[in-house]
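Data first, discussion second: the structure below is written as structure tokens.
The values are calculated or read from the model by the stated rules, or taken from the named source; none is laboratory data. Predicted, not measured: the structure shown is a model, and the values here were computed from it. Virtual Cβ from ideal backbone geometry, glycine too; neighbours counted across all protein chains shown. What goes into the accessible areas is simple: the full protein's heavy atoms, side chains included, and nothing from ligands, DNA or RNA. Shrake-Rupley method; radii C 1.70, N 1.55, O 1.52, S 1.80 Å.
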Amino acid sequence: QLLDTLPVCRDFKAGQCTRPQCKYVHLVEEYVDVSDGRVTVCRDAVKGKCARPMCKYYHLPIIPHLLTV
């Protein structure tokens, strides 16, 4: 089940995250809304249907090795 919100990595934002597989969001986009240290997952993006060029919701990264061919 997909969570509605995910925690943001405070260390990454400070340029200090050294965890090789960090379980927190490494947020690069400045336009994504952060509330109480969390981002809201874009439900449209999960479905592959988000058309907002600078969406305020977090788009989950696509991890190539997890995709099936």
*Yes or no: Arg38 open to solvent by 80 Å² or more (accessible area, probe 1.4 Å) and modelled with pLDDT of 95 or more?*
yes
*asked:* Thr18 - would you say it is surrounded by 11 or more Cβ atoms within 10 Å (Cβ to Cβ), modelled with pLDDT of 90 or more and among the β-branched types (Val, Ile, Thr)?
replied: no
